[in-house]
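Every number in this text was worked out from the coordinates using simple rules, so none of it is lab data. Please read all numbers here as calculations on a predicted model, not as lab measurements. Cβ coordinates were reconstructed from backbone atoms using ideal geometry, including for glycine residues, and neighbour counts include every protein chain displayed.
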């Protein structure tokens with residue numbers, strides 16, 4: 001039962017990164033890709049009706065994590081206290097950047113919210129990447145089952161690690177590039193003319209960096225934690241992960257210059273799925289590794305009671321079906337390219 | 001008090017109090033917007049459509065602020081109250097996850113459609129999206145109340161071998177009787193905020209002679225709803241809530257009422273200052289026997305005072321609890337008085353020209369916020385010294401790994417952040433009020449008047 005919930009939470013986090021990832025990525029390239037006010041509005045209209053719903057995946061994943069693994073939720077949220085609160089502030093800045101910009105038709109007002117939106121998006125991508133880096137690298141959990149990480153120590157991987165060290169910063173940069181590419185594919189898909197062309201240009205520009213960083217981070221991960229390969233060695237199915245990751249990279253390289261935006265965007269989404277599922281697959285059944293492995297938090301020692309988990313499966317499935325229904329409906333309503341001069345934003 | 005404990009309590013109190021300024025209006029307005037949209041659809045009345053659109057704009061700004069200040073709440077259980085989360089997460093994780101899965105998805109999906117999709121949707125579908133937003137926000141409220149109700153009156157759990165609480169019965173937990181009455185009381189309070197705000201803006205338009213056609217709709221809708229919910233707030237919901245406190249948290253009742261010594265025919269203190277040193281109320285203004293009557297339905301009944309309970313189980317801050325409760329009840333009484341008079345004027349068709357009444361209605365706008373805040377303070381200060389009533393003390397529940405210094409860092413950060421959000425929100429809503437219901441869609445108003 002615990003394993004099932006492990007994969008449910010992993011899928012929800014992945015859904016969050018794929019969905020909110022494209023509007024975060026749109027924020028990353030926003031100031032560079034959208035030159036005029038009209039173009040900026042089109043980017044915002046492309047993400048406007050959906051960004052809030054995308055972000056709900058983060059909340060829903062957080063809630064589900066709390067419900068299924070209360071001990072993991074308690075340890076990780078208090079241990080990552082500082083960066084988590086900063087992420088919350090950035091999410092707030094970003095939300096008002098998107099939502100309040102259009103309320104006043106004044107270039108100074110709009111410039112302020114443009115920068116707020118874009119800078120918050122960039123920092124969020126880096127933070128989320130660094131968070132993933134921390135989870136893969138392991139944290140200084142002790143016998144109490146708690147830990148506390150300062151923002152940084154000496155950027156090396158000693159026994160008392162910080163949130164930021166060379167490895168987590170590397171993953172942060174990797175996340176920034178991946179989501180910038182993902183957002184570029186989305187903007188390319190949803191807009192046309194100069195803006196669409198520029199977005200596709202960005203996607204192409206990101207590609208070599210993304211390819212290079214994919215290889216570097218995989219090697220770096222193996223370097224800092226050779227034991228990460230255990231699950232891959234024991235379960236043949238793991239070979240699917242590198243296949244998905246590298247073939248989607250190939251598809252992106254092929255589809256982007258040809259203007260097949262939909263295929264490129266789907267490939268980019270699958271790339272993210274491959275990377276995150278690959279990380280979850282490597283960690284399983286550990287949910288938060290400790291620097292000292294005897295204190296690892298696992299599915300076994302963090303999950304909620306069996307009755308609660310089985311009851312949860314009933315309502316969770318029902319809610320997930322409903323949520324997918326709403327999403328299908330909303331994306332259908334706002335399908336197609338964003339036209340100039342329509343509606344809010 | 002341990003300084004880390006104090007910081008973590010202030011952290012939650014501050015962020016929760018500020019956050020709830022927005023959802024109470026969101027939930028109240030969601031209901032009123034559905035009413036406006038329903039009338040608009042049934043009568044095919046463009047003025048009502050436009051009225052709903054105007055409130056949709058204010059709703060949108062308020063909703064964004066509610067969302068951004070709400071996200072930290074869900075995370076704070078883990079960041080600042082990790083020991084509590086580990087202890088109770090096996091139970092309350094259920095409702096918190098359900099809120100995300102059922103309410104947030106519904107709300108967020110249809111809010112976009114409601115605010116930006118009117119041109120793409122049929123009128124019926126647009127009405128339906130307003131209903132979905134209403135359902136989502138009211139559902140969200142229920143899950144939070146059910147979580148709080150577990151902390152007030154824990155049911156449906158068992159204690160596992162490792163000492164943590166785990167779910168024993170889903171329905172006992174979700175349909176906690178405490179939750180049902182607290183929900184009714186809370187939602188009625190939110191509807192009061194929505195009604196008073198709608199009335200106040202309507203009164204402002206009528207007083208200043210702008211958008212008077214809309215002003216009338218707002219005052220009429222707001223006063224009718226406000227009157228209904230102000231009465232429901234006291235009876236039956238407030239009365240039943242009070243009964244629950246007297247049954248399950250008698251020490252809280254004694255502290256709320258400022259009853260230091262137990263007595264028969266206990267008086268109801270209307271005003272006065274609690275004097276903890278001497279164990280009495282200074283300058284009391286009281287109704288003899290009334291507290292016995294309200295609590296046990298008998299004038300002569302014995303009501304237990306604080307002296308009947310060991311001091312370590314008394315709520316920590318008795319004066320603040322006492323004042324919160326009295327402010328809530330005082331304002332609740334004031335709401336009924338104002339709304340009943342306003343409704344009778346509306347009934348006789350005099351309200352739109354009764355400037356004195358419009359002034360009162362306009363100036364009453366802040367009071368529901370104060371009353372709702374005071375109500376929540378009563379509930380949460382009254383729960384002290386327990387975090388989960390009778391099972392875990394507040395001092396045992398905070399994140400031991402997070403020092404007071406780190407806690408203060410983020411508390412100050414939130415204070416700065418929320419100051420900016422508050423100013424922005426007020427500024428933008430004021431602008432919408434200034435623009436008025438026809439402000440941005442002048443053309444549709446013109447065609448509307450021509451059509452009639």
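For the peptide B:64-77, the mean number of other protein chain Cβ atoms found within 10 angstrom of a residue's Cβ is 6.
Straightening the chain between residue B:228 and residue B:353 buys 42.7 nm, computed as 0.36 nm per residue apart minus the Cα-Cα spacing. Given a Förster radius of 35 Å and the C-beta distance between residue A:246 and residue A:307 as r, what FRET efficiency does 1/(1 + (r/R0)^6) yield to the nearest 0.05? Computed FRET efficiency for residue A:246 and residue A:307 comes out at 0.20.
Helix A:107-137 and the long axis of chain A differ in direction by around 20°, with both axes built from C-alpha atoms. With respect to chain B, whose longest principal axis is taken over its alpha-carbon atoms, helix B:177-208 is tilted by about 40°.
Nearest 10 degrees, 0 to 90: what angle lies between the long axis of helix A:306-333 and the longest principal axis of chain A (Cα atoms)? In chain A, helix A:306-333 runs at an angle near 10 degrees to the longest axis.
Which of the three applies to the stretch B:264-408, rounded, prolate or oblate, going by the alpha-carbon gyration tensor with a ≥ b ≥ c and a/c under 1.5 meaning rounded? The shape class here is oblate.
Taking A:296, A:20, A:142 in turn, the Gaussian network model of chain A (Cα-Cα springs below 10 Å) assigns the largest fluctuation to A:142. When the Cα gyration tensor is reduced to axis lengths a ≥ b ≥ c, the ratio a/c is 1.5 or higher for the stretch A:265-345, and with a/b not above b/c it is classed as oblate. In this label model, residue A:329 and residue A:233 are separated by 5.1 nm, measuring between points 7 Å along each Cα→Cβ vector. Between A:228, A:47, A:122, the GNM of chain A built on Cα springs shorter than 10 angstrom shows A:228 fluctuating the most. With a 10 Å cut-off around each Cβ of B:111-119, the average count of Cβ atoms from other chains is 5.
Go ahead and run the numbers for FRET between residue B:297 and residue B:431, Cβ-Cβ distance against an R0 of 45 Å, rounding to 0.05. About 0.30, to the nearest 0.05. Take A:248-258, A:200-210 and order them by the average number of nearby Cβ atoms within 10 Å per residue, most first; the result is A:200-210, A:248-258.
Ranking of A:215, B:227, A:125 by neighbouring Cβ atoms within 10 Å, starting from the fewest: A:215, B:227, A:125.
For the peptides A:66-75, A:33-42, residues were scored by their other Cβ atoms within 10 Å and the scores averaged per peptide; the highest-first order is A:66-75, A:33-42. Among DSSP beta bridges lying fully in the protein assembly as shown, give the percent that are antiparallel, nearest 5. Roughly 85 percent of the beta bridges in the protein assembly as shown run antiparallel, per DSSP. With a simple spin-label model that places each label point 7 Å from the Cα along the Cα-to-Cβ direction, the separation between residue B:264 and residue A:284 comes to 7.1 nm. Per-residue packing, averaged as other Cβ atoms within 10 Å, sorts the ranges B:206-212, A:51-57, B:134-140, B:90-96 into the order B:90-96, A:51-57, B:134-140, B:206-212, beginning with the highest. Judged by the gyration tensor of its Cα atoms, with axes a ≥ b ≥ c, the protein assembly as shown is oblate; a/c meets the 1.5 cut and b/c is at least as large as a/b.
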